[in-house]
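This report refers to the structure that appears directly beneath it.
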Amino acid sequence: MCPKVTEDPKDGSISESQNQNSKPSSFPKYKRLSSYLDESRGAEILDDRTARISCESEPSCLLRRTPPGQKTTDQLLFVGDIIETNYSPGGKVIDVSRHEYYGLSAYSIVYVDVDAPANKDGSYRENHYRYINELVAQDGRILKLFNANEDEVFVKGRAAGQQTLLRFTT
């Protein structure tokens, strides 16, 4: 059985964990593809980039981790950014939230089609929401948590205010 661990999202340090709480999001959760796995067991850390969990169908499943010192998904992707994936045209990001899976940090994003009509307050109707879960960053790329999944999220355009902010922070 793999030890339970918790990964600090800021510095990548690892510590033992008794439970695996995730940050609540204001958006409804979509059922994760990993829901058939036992998340009560933590991931075994292999190195700065990789962890392993036991799977029903495989001897083990490899997971990606954001290496210490590299930017996390929420540091690469901002509300208002225009994204696309290698499997769909994507849209406009309206939420980026951190969660824990198997004791490891990963992110979920909520986005809407770029032509989705906004409400008067700038929000969107829930039926316009699209979700991408279990994301990690490695080497400036936004990838899926499971190493076997080659899906990737690409930033195609920055939110208007982010262009100015990025000049001062990078």
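Every number in this text was worked out from the coordinates using simple rules, so none of it is lab data. The structure displayed is predicted, hence computed values, not measured ones. With ideal geometry, Cβ positions are generated from the backbone for all residues, glycine too; neighbour counts draw on all protein chains shown.
The table that follows gives values for the structure above.
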read-out	value
Charge context of Asn86, other residues only, Cβ under 9 angstrom, K/R +1, D/E -1	-4
Sequence of Val79, Val136 once ranked by neighbouring C-beta atoms within 10 Å, starting from the fewest	Val79, Val136
